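**Q** Before we start, here is the structure in question, set down as structure tokens.
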Number of protein chains: 2
Amino acid sequence: MREQRRLNLINSHLLSRFPALPFDDSLSKYRERTENINSDVLFHTYFINWSHSLLRIRSMMLQSPLFNKYNDIDLPLETRRLRCIEQIAALYFQYGINLQKDLEDPHRIAQLFHSVGEYDLAISTKLTVTLFLYADTIRSVGTAKHLPLVERVFDMKDVGSISMTEMGHGSNVPNVETTATYDHSTREFIINTPTATSAKWIIGGVGKTSNMTALFARLIVDSVDRGVHVFAIKIRDNDTHEPMPGVTIGDCGLKIALNGIDNGFLIFKNYRVPYDTLLDKLSSISPDGKFKSSIKSKEKRLGIIISGIIRGRISVIGGCEIHMRKALTIALRYGALRKQFGKKDSPETSLLDYQIHQSRLLPHLAKLFAIRTGMIYVMELYNPVKAKAEVDPECNELNEYHAILSCLKSLGSIYATSAVQDCRETCGGHGFLACSALGNIRNEQDCHPTWEGDNIILLQQCGKVILKQVQHTFKGEKIKNPNLLYLDVDFEHLKTYKAHFENRETLLNQRLLIELMEYKVNYVINQSLVALRDNAAVYSDVMDVWNNTQVHYIQEIGKAYGEYICTMQLWKFVQTLAEKCQKTANIVKNIFYLYVVERIEKQLGIYLEHAFNAAQAKIVRDTELFLCQELRDISIRIIDAITVPDQFLGSVIGEADGQAYAKIVRYVESDPTTYSKPEWLPILKKIKSTKA
Amino acid sequence: MREQRRLNLINSHLLSRFPALPFDDSLSKYRERTENINSDVLFHTYFINWSHSLLRIRSMMLQSPLFNKYNDIDLPLETRRLRCIEQIAALYFQYGINLQKDLEDPHRIAQLFHSVGEYDLAISTKLTVTLFLYADTIRSVGTAKHLPLVERVFDMKDVGSISMTEMGHGSNVPNVETTATYDHSTREFIINTPTATSAKWIIGGVGKTSNMTALFARLIVDSVDRGVHVFAIKIRDNDTHEPMPGVTIGDCGLKIALNGIDNGFLIFKNYRVPYDTLLDKLSSISPDGKFKSSIKSKEKRLGIIISGIIRGRISVIGGCEIHMRKALTIALRYGALRKQFGKKDSPETSLLDYQIHQSRLLPHLAKLFAIRTGMIYVMELYNPVKAKAEVDPECNELNEYHAILSCLKSLGSIYATSAVQDCRETCGGHGFLACSALGNIRNEQDCHPTWEGDNIILLQQCGKVILKQVQHTFKGEKIKNPNLLYLDVDFEHLKTYKAHFENRETLLNQRLLIELMEYKVNYVINQSLVALRDNAAVYSDVMDVWNNTQVHYIQEIGKAYGEYICTMQLWKFVQTLAEKCQKTANIVKNIFYLYVVERIEKQLGIYLEHAFNAAQAKIVRDTELFLCQELRDISIRIIDAITVPDQFLGSVIGEADGQAYAKIVRYVESDPTTYSKPEWLPILKKIKSTKA
């Protein structure tokens, strides 16, 4: 923020050229329509056992002048990057992070990242890259000798990065082209970028910051390609910050958003690195120059390597949750305070009182809780699964965990992208101003569907895991996956199943709703199996069969499975709340109902094929609208309880006090150029004096 | 673009630090999979009778150094506005615009705007505001004495604007608060902004440019509120460019996009303007101070006033079409040239060869043609409807035209927003770079759902027009609306209707597909009537009945009606093509099929209630995928034929020659800071040397 602007902000309410604005009580009146919920209980249950650290981190940020989102609205690229570094510096040491603490509690850093992400995803991403992606890779496939590297990044002596993606290969990691050729004479690797498209590309932190990277490259030993391995290598000199000889480092430039992160590229030319750069837990080269690996299959080995960085994928679910939460905060508060039209001779009506406005926003609120509770589940599973995977990197639990993470990451990003867009649109013209924050939230959210595993790829992988488990049952095995115990893909059962409800009351039954979500999983699995069988008769190549059974089929398995998990976790959340405050639990129960009913409504096509009749479809539609109306008044208090402080939102129309118009006035008047003539007036005059 | 960058761009291919990049023939090989279509015929049919002026305007822009989208990627606010003014200056007089020409051919300016919009919507919007919104308002509700004002804006002596929206009232124009109080003693109006929220707000061009505005204000005569009228008033002095005494003008600041336009605000304090500022075609004040109006109802009068600016709404449909076309150009070309994964021992596969990639992009291509042909229809109707409306401003034709414009504007913006998002996501990480252009296209597109009439409001209004016509048939009147001749809302007919198709071949029948679109219109009208009747029993107030019958009902009438119109117009387009080139027509026929089949697939819920069985739903799904595959190879040649020149795209990954990787390298290396150390290195070093 220009200094002048800051000064003006202080003075503007004294010098405003606008007519006086009375205090706007619209939002507070909206709140008062209902009794308060137990905000404390909701807050602490929503943020589980890290709610206290969240409050502490928020308070650290609020005490620093560096964390005021309004100041970040319009920064040039390098200023934004500088700000990001300053923000990291202001928090990192104060919070206190070191390897020992991470060993004791792996969620501790995640708490910092998630909390800082409430302010700006670029900050948490820069930290995620060095501490999760770089350090976790070393920890999962490195050996004891690599531990000092991990300590160095935890102490911020090094800034790490992860060089996986190349300009020509993103999702297809097994095909990266960078080579690391083993030279036995010196026991070194020679790193090369054989083609322009194999330059490491859009690597977070590499553009200007990082000095170390976990490099994914094909290991060549005795002219034999041993597949992709990882090397922890130095890319910049720690003193001079110059690229190492043989390394070219550049900056990828401006992105749609997240410009606090300096994404860069790397080109290697005969860059020699010592043997110990190889992270050699799975593969190594003996002193006599022979390659050996505990995992024979290249694909499996790479799968294990990548599974080491699952904390990064959890962060993505968290990022989606934050974007939804922030956008909904703005849109719900604005929807309550903004009035338009109304009955004759009556005061105007709040936007949120219109059916269509509710139906655009409240299902997103339900999805926010669904994704949040899904994320809690993923975090709870992390420690036990990690412990198992350390003993057996090919264990079933890791596979299942990967499937869950994959579908929840995809669902989270699908939900959040759609939610943020609706929030933007429901805020109309004010929502199009940069100071509403919605444009920036949308642009930040936009990275999620395609990074840390493209949704399309992840949904496929999830579908694959599920279908394999189903296949095992055909051989007589019992299903062990706790999220698939209801499995029954017998079409005779599916086509004769009739959902039992004849009105709203009988539909709103948690056992029935869960049954309907189970039905959908079973149905899409069945349909996928049929489609796979049909396509097997059409295509001779197994890849063709697989790839041509994605749309309407395997992609839908991943989504249905993820939505089943969210349903179960959201229900569990309601029960947890009920132990603390029945009243709050009852309200959140409506959120659970709305989540499931809206998901069914959006897929009525599936249910109408066999399970529903037309009258039941109407009941589902009507019930969805009923639930939106039920939640309408209380929705403000719900979002108040879980949202971020005003300074993290940076939205003139979304602050807690509901003084949107006063804040808009204050904001525009704080700009020193608001009332001035344009610098380009001479050009304008020239045009106006031109003879046609 | 910084000068240094321009210079580097010239030199970078000589000095590149990247390994050499061979010519990439992926895109051209993809093109060569099919014979060429008749691109000329497709181009001239797509752009109808203005194809030649489009080529001329494109060529004017291509000859000017001002029109290179790469130079506009990262401009500070005021530089961008300056650029926009310069761009207007470079085109306006060269194209030759004056009132006489507009009288002879009202589409002439529209052609300029649409053509310039291919480059940047901000330019065309700035022109739309002054020549369509401001001038058309004067021409439609002003009288002969106001004609000189129109001439002045056509000659660019004045820059006009339209001050309708206030900070507190957007959609609800009848409730704007600005007052124009008639003072009979001086025969003047005294303009006032009674409250802060009645400041005119986000008015295009007002921030820094406009000197005249069409002001929407409540006319007060003898203390009686006569409703909203329009006044053509001076807001800035033409010589000094200072706001007129009594007028405060400010700038609304940075927006999500379209920052070439300076949106501003206006505050009036006892600003006196002469009587002749009142646009007095419908209402006037006699020399003895008596108010009179040819239209008694305030609402009806305002409706007529607003209907004067329908050319603005047509521009919005055009803007959506352009955004879809540009985004699809980038995503389709990139989808063809980008390869990832593949069969064992085979070259990698183009993304567009994957079923899921096709199914994400090709339905948007079909929607692009649907919206384009809908827009052609709207333009063809413009002159005859305008002629009728000038004689009778309350004529039926204007009402029907308003309904068509409303649903097509809504559909266009819904289609385009979704298309651009999918295009962004299918371009993965490269699509997240600013130089892919997709972020900017998405941000520009984002204004469309909510400006020039919020979609929600417009769909309601369209539904209202249709329901009124249906009601008339209940009184025995015959339906005259040519887009509703098939009307039959008898539920006995609807619930017993069974669609006759048993395989893909019988589904792909244009008569059947049109019948299915008609069925949907009839079905949602019927369901809306039932819901209105049910709600009438629940709510006592008619507004409540109406507002609570929107979701699933009245909103869907507008969409179904719009999709029916697009279906008919797209079919007509196929027939027009067939007269010129049967081969090209056959290809576009598949686009027609895909449009309708995909629209049915997305609403299978409706069809499965009565019209389809489960087997037919599967046929619809399979047929959609079949059509995507059919169109896959030829889609590149189709988009090539209708898209904009590379310089207008400004997308390194979307240029016609398919050299995406080379262009990326060239672009990043042209930035003088790509290989330099950051200015903030000292801060980074300080952090790295901090003791934990």
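The values are calculated or read from the model by the stated rules, or taken from the named source; none is laboratory data. None of the values given here were measured: they were computed from a predicted structure. Here Cβ is always computed from backbone atoms with ideal geometry, including for glycine, and neighbour counts include all displayed protein chains.
**Q** Does residue B:187 fit the bill of being more than 14 Å from chain A (Cβ to nearest Cβ), out of contact with any Ser or Thr (no Cβ under 9 Å at 6 or more places or on another chain) and surrounded by fewer than 22 Cβ atoms within 10 Å (Cβ to Cβ)?
**A** Values: more than 14 Å from chain A (Cβ to nearest Cβ): yes; out of contact with any Ser or Thr (no Cβ under 9 Å at 6 or more places or on another chain): yes; surrounded by fewer than 22 Cβ atoms within 10 Å (Cβ to Cβ): yes.
So residue B:187 passes the test.
**Q** Checking residue B:342 against (1) crowded, with 23+ Cβ neighbours inside 10 Å; (2) more than 21 Å from residue B:577 (Cα to Cα): exactly one of these is not met. Which one?
**A** (1)
One line per residue, one yes/no per condition, for (1) within 13 Å of chain B (Cβ to nearest Cβ); (2) of a type in the set (Asp, Glu):
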position: A:602; (1), (2): yes, no
position: A:609; (1), (2): yes, yes
position: A:612; (1), (2): yes, no
position: A:619; (1), (2): yes, no
position: A:624; (1), (2): yes, yes
position: A:633; (1), (2): no, yes
position: A:637; (1), (2): no, no
position: A:643; (1), (2): no, no
position: A:648; (1), (2): no, no
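**Q** Right, something else. Take the stretch B:175-219 and flag every residue that is charged (D, E, K, R) and either in a strand (DSSP E or B) or more than 19 Å from residue B:279 (Cβ to Cβ) (or both). Can you show your working first?
**A** The first filter runs over the stretch B:175-219 and keeps only residues charged (D, E, K, R), leaving B:177, B:183, B:187-188, B:200, B:208, B:218.
Scanning the stretch B:175-219 gives B:177, B:183, B:188, B:200, B:208, B:218.
**Q** Within the bounds of the stretch B:293-310, is there any residue that is of a type in the set (Val, Ile, Thr), more than 28 Å from the chain's Cα centre (by Cα) and buried (at least 20 other Cβ atoms within 10 Å of the Cβ)? Explain how you work it out, then say what you get.
**A** Of the stretch B:293-310, the ones of a type in the set (Val, Ile, Thr) are B:295, B:304-306, B:309-310.
The next check asks that each one be more than 28 Å from the chain's Cα centre (by Cα); those that pass are B:295.
Restricting the remaining residues to those that are buried (at least 20 other Cβ atoms within 10 Å of the Cβ) gives none.
No: zero hits.
**Q** Moving to a separate point now. Just give me the residues in the stretch B:244-265 being touching a Cys at 6+ places or on another chain (Cβ under 7 Å) and in a strand (DSSP E or B), in sequence order.
**A** Residues satisfying the conditions are B:264, B:265.
**Q** Could you list all residues from the stretch A:194-229 that are within 14 Å of another protein chain (Cβ to nearest Cβ) and within 25 Å of the chain's Cα centre (by Cα)?
**A** A:200, A:201, A:202, A:203, A:204, A:205, A:206, A:207, A:208, A:209, A:210
**Q** On to the next question. Tell me the residue from B:621, B:666 that is farther than 22 Å from residue B:23 by Cβ and surrounded by fewer than 23 Cβ atoms within 10 Å (Cβ to Cβ), please. It would help to see each step written out before you state the result.
**A** Details: B:666 fails: farther than 22 Å from residue B:23 by Cβ.
Testing whether each residue is farther than 22 Å from residue B:23 by Cβ and surrounded by fewer than 23 Cβ atoms within 10 Å (Cβ to Cβ) leaves just B:621.
**Q** Also, I was wondering about something else. Among the residues of the stretch A:105-118 satisfying the criterion of being assigned to a loop (DSSP other than H, G, I, E, B) and of a type in the set (D, E, K, R), which is farthest from residue A:650 (Cα to Cα)?
**A** Within the stretch A:105-118, the first condition is being assigned to a loop (DSSP other than H, G, I, E, B), and the residues that meet it are A:105-106, A:118.
Then keep just the ones that are of a type in the set (D, E, K, R); that gives A:105, A:118.
On the way: A:105: 32, A:118: 11 Å.
Filtering first and then ranking leaves A:105.
**Q** Return yes when residue B:376 is in a helix (DSSP H, G or I), away from chain A (no Cβ under 11 Å), aliphatic (A, V, I, L, M) and in contact with a Gly (Cβ under 8 Å, 6 or more places away or on another chain) and no when it is not.
**A** Details: in a helix (DSSP H, G or I): yes; away from chain A (no Cβ under 11 Å): yes; aliphatic (A, V, I, L, M): yes; in contact with a Gly (Cβ under 8 Å, 6 or more places away or on another chain): no.
Criteria not met by residue B:376.
**Q** Given A:102, A:74, which one is among the charged types (D, E, K, R), in a loop (DSSP other than H, G, I, E, B) and touching a residue at least 24 places away in the same chain (Cβ under 8 Å)?
**A** Working: A:102 fails: in a loop (DSSP other than H, G, I, E, B).
Within the list A:102, A:74, the selection yields A:74.
**Q** With the requirement that a residue be within 18 Å of residue A:69 (Cβ to Cβ) and of a type in the set (Gly, Ala, Ser), what does the stretch A:107-132 give you?
**A** Result: A:115, A:117, A:122, A:124.
**Q** Could you identify the single residue in A:75, A:121 that is within 14 Å of another protein chain (Cβ to nearest Cβ), under 25 Å from residue A:652 (Cα atoms) and in contact with a Leu (Cβ under 8 Å, 6 or more places away or on another chain)?
**A** After ruling out the rest, the residue left standing is A:121.
**Q** Right, something else. Please verify whether the stretch B:98-109 includes one or more residues that are in contact with a Ser or Thr (Cβ under 9 Å, 6 or more places away or on another chain) and either closer than 30 Å to residue B:436 by Cβ or within 13 Å of another protein chain (Cβ to nearest Cβ) (or both).
**A** No, the stretch B:98-109 contains no residue that is in contact with a Ser or Thr (Cβ under 9 Å, 6 or more places away or on another chain) and either closer than 30 Å to residue B:436 by Cβ or within 13 Å of another protein chain (Cβ to nearest Cβ) (or both).
**Q** Pick from the stretch B:230-264 the residues that are touching a residue at least 60 places away in the same chain (Cβ under 8 Å) and more than 14 Å from every other protein chain (Cβ to nearest Cβ): which of them is surrounded by the most Cβ atoms within 10 Å (Cβ to Cβ)?
**A** B:230
**Q** What's the number of the condition residue A:348 fails, among (1) more than 30 Å from residue A:125 (Cβ to Cβ); (2) crowded, with 20+ Cβ neighbours inside 10 Å?
**A** That leaves (2) as the condition not met.
Table: residues versus (1) outside any helix (DSSP H, G or I); (2) closer than 30 Å to residue A:641 by Cα.
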position: A:267; (1), (2): yes, no
position: A:288; (1), (2): yes, no
position: A:306; (1), (2): no, no
position: A:316; (1), (2): no, yes
position: A:323; (1), (2): no, yes
position: A:327; (1), (2): no, yes
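**Q** Just checking, does the stretch A:176-184 include any residue being out of contact with any His (no Cβ under 9 Å at 6 or more places or on another chain), surrounded by fewer than 24 Cβ atoms within 10 Å (Cβ to Cβ) and within 11 Å of another protein chain (Cβ to nearest Cβ)? Spell out the reasoning first.
**A** Of all residues in the stretch A:176-184, those out of contact with any His (no Cβ under 9 Å at 6 or more places or on another chain) come to A:178-179, A:181-184.
Next cut, surrounded by fewer than 24 Cβ atoms within 10 Å (Cβ to Cβ) only: A:179, A:181-184.
Among the residues that remain, those that are also within 11 Å of another protein chain (Cβ to nearest Cβ) are: none.
No, the conditions are met nowhere in the stretch A:176-184.
**Q** Looking at residue B:10, is it modelled with pLDDT of 90 or more and of a type in the set (A, V, I, L, M, F, W, C)? Write out each step before concluding.
**A** On the way: modelled with pLDDT of 90 or more: no; of a type in the set (A, V, I, L, M, F, W, C): yes.
For residue B:10, the condition - modelled with pLDDT of 90 or more and of a type in the set (A, V, I, L, M, F, W, C) - is not met.
**Q** Restricting to helices (runs of 4 or more DSSP H) lying wholly in the stretch B:512-604: which have 1 or more residues that are touching a Pro at 6+ places or on another chain (Cβ under 9 Å), buried (at least 22 other Cβ atoms within 10 Å of the Cβ) and of a type outside the set (Ser, Thr, Tyr)?
**A** Working: elements: B:542-547, B:555-580, B:582-602.
Counting at least 1 such residues, we get B:582-602.
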